[in-house]
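One structure below.
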């Protein structure tokens, strides 16, 4: 815990100083202090992406980032001091009850981050993605080695840039840091609600009631959590400024939306919020168009470059465009397999069942799924059906109708692509918070509810908790429980601490493969390059291709060698 808390102090200084310089340089005004940390994360992710084109995000980049941070603090010291005072003021004006609550949330979050990681994707590609970024940066044709690595989220780029891998291999805790900040933003709004009794403030202020669920995302660098947090910030600022004329905040919403898309393309619908504000206030935003174009243009170009290097598809996973004059392009068959697998997996259908069913039949099956998936699927549909009745009881109806329509559009889009509940959870949280805010307005009831929700975090954190009633996945039946041995040093980044590995020669490629991990996709914290042997052999038999090194150096990447005619 102590190590994680120390690391968060490092994150605080790095992200805040870069964020202050970013918002001051682009004349973005003085937003809520929490937003500054997200702007800093965005700027660092862009810098890291530029560096990763040519080199790994290891000690040299981290050293450069520290030098940049110190230089920015000295250069913008007056602005930075003003920011720190603003943050201090926000915390100080919180009612004592909310400050105590936030302190408890911080304590629980540090304990959760020090515990073993829970999310299974961490073992299949989060760790490996970050390790490739740390060591080599963007690797040509890395998708040919393992197509999960083609996803390479902007959030993983940020974690790689900030994980201090040159000092220790234990830090992958930016999710916990940012969730704590998201809670501060929400609690500040809740404190304002207690004074002003404005319902829009309560919608955002109730966010901590979801902590018990969101805490499962913070011991790994899951790119889903920052999308939920950015959804909260964007919608919170959208509610605040829907009827105002503050151009800086419209620009901020736009930049936060670009950051969300840079992390996860499915977050594209969040951009509708700033676009609506722009349509309402065109005359106040025209002067900002140049800087917004520059920022979004840089992010888009880096997104294209990253995808072109790693998979050969500039708009990955969209296959409409692909590089044709390079040898590292992911074969179309593998790219299409990933897209189709993602589709039928989300509906829990076999490929044949998916192809031979109508959209209506798929949706009905999707609603009837058991356990956690079915629970969230049904809950989202129920919330969408009930939401119009609650809008009628709210004062700000138009912005809530905007949220409602965007939520419907996103769900329809996901039904056509991949309706995994974690993809629509951000909008579900906002819809659910609105309903709760309409139903519960008494201060004492709010305090009881948010206190119980915070206490509930401790149950799965400190008490062994079996999820047999919530999931059928045998690898996710037990949540991570805190142990006293993590008071100083955190648990390693993988849950497979006892994993053993062996080497395997495949053509010109010598790879590492786990010998005692049963999960088909899992590689844990294995040395590069690493892949499950069963995974390699199954794809070799099905696609008649294997990954091969382009040169004698891993940094030069991979291509897929096919042997159809052999």
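With respect to (1) surrounded by fewer than 24 Cβ atoms within 10 Å (Cβ to Cβ); (2) modelled with pLDDT under 95; (3) under 21 Å from the mean Cα position of the chain (by Cα), the lone exception for residue 172 is condition (1). Only residues that are over 30 Å from residue 5 (Cβ atoms) and either surrounded by 12 or more Cβ atoms within 10 Å (Cβ to Cβ) or at pLDDT below 90 (or both) were counted across segment 484-506, and they come to 3. Restricting to segment 240-254, count the residues that are at pLDDT 90 or above and closer than 14 Å to residue 203 by Cβ. Summing the residues that are at pLDDT 90 or above and closer than 14 Å to residue 203 by Cβ in segment 240-254 gives 0.
Results for (1) surrounded by 14 or more Cβ atoms within 10 Å (Cβ to Cβ); (2) under 22 Å from residue 301 (Cα atoms), shown as yes or no for each residue.
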position: 46; (1), (2): yes, yes
position: 51; (1), (2): yes, yes
position: 60; (1), (2): no, no
position: 74; (1), (2): no, no
position: 83; (1), (2): yes, no
position: 87; (1), (2): yes, no
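Residue under question is residue 422, and the condition is that it be surrounded by 14 or more Cβ atoms within 10 Å (Cβ to Cβ), free of Cβ contacts under 8 Å to residues at least 60 places away in the same chain and not assigned by TED's automatic domain parsing to the domain that holds residue 228; does it hold?
In short, no.
One residue alone among 9, 50 is in a helix (DSSP H, G or I), out of contact with any helix residue (DSSP H, G or I) (no Cβ under 9 Å at 6 or more places or on another chain) and at pLDDT 95 or above, and that residue is 9. Among the residues making up segment 400-410, those that are in contact with a helix residue (DSSP H, G or I) (Cβ under 6 Å, 6 or more places away or on another chain) and either at pLDDT below 90 or under 24 Å from residue 345 (Cα atoms) (or both) are 407, 410.
If you go through segment 539-553 and keep only what is surrounded by 18 or more Cβ atoms within 10 Å (Cβ to Cβ) and either part of a helix (DSSP H, G or I) or out of contact with any strand residue (DSSP E or B) (no Cβ under 8 Å at 6 or more places or on another chain) (or both), you end up with just 539.
Out of 267, 299, I need the residue that is assigned by TED's automatic domain parsing to the domain that holds residue 153, farther than 20 Å from residue 55 by Cα, crowded, with 19+ Cβ neighbours inside 10 Å and out of contact with any strand residue (DSSP E or B) (no Cβ under 8 Å at 6 or more places or on another chain). Which one?
Going through 267, 299 in turn, the sole match is 267.
Mind telling me which of the residues 161, 150, 109 ends up being at pLDDT 95 or above, within 23 Å of residue 314 (Cα to Cα), in the same structural domain as residue 31 (by TED's automatic domain parsing) and crowded, with 23+ Cβ neighbours inside 10 Å?
Among 161, 150, 109, only 161 is at pLDDT 95 or above, within 23 Å of residue 314 (Cα to Cα), in the same structural domain as residue 31 (by TED's automatic domain parsing) and crowded, with 23+ Cβ neighbours inside 10 Å.
Please work out if residue 311 is under 30 Å from residue 547 (Cα atoms), surrounded by fewer than 24 Cβ atoms within 10 Å (Cβ to Cβ) and out of contact with any strand residue (DSSP E or B) (no Cβ under 6 Å at 6 or more places or on another chain). For residue 311, the condition - under 30 Å from residue 547 (Cα atoms), surrounded by fewer than 24 Cβ atoms within 10 Å (Cβ to Cβ) and out of contact with any strand residue (DSSP E or B) (no Cβ under 6 Å at 6 or more places or on another chain) - is not met. Would you point out which residue out of 471, 451 is modelled with pLDDT of 90 or more, closer than 26 Å to residue 211 by Cα and not in a strand (DSSP E or B)? None of the other options fit; the residue is 451.
Where helices (runs of 4 or more DSSP H) sit wholly within segment 269-364, those with at least 3 residues that are under 21 Å from the mean Cα position of the chain (by Cα) occupy 272-280, 289-310, 332-346. Scanning segment 366-405 for residues that are farther than 30 Å from residue 343 by Cα, in a loop (DSSP other than H, G, I, E, B) and in contact (Cβ under 8 Å) with a residue 12 or more places away in the chain returns 393, 394, 395, 396. Here residue 142 clears all of (1) over 30 Å from residue 32 (Cβ atoms); (2) touching a helix residue (DSSP H, G or I) at 6+ places or on another chain (Cβ under 8 Å); (3) surrounded by fewer than 23 Cβ atoms within 10 Å (Cβ to Cβ) except the condition numbered (3).
The values are calculated or read from the model by the stated rules, or taken from the named source; none is laboratory data. These numbers were taken from a predicted model, which means no experiment stands behind them. Glycine also receives a Cβ, built like all others from the backbone with ideal geometry; neighbour counts cover every protein chain displayed.
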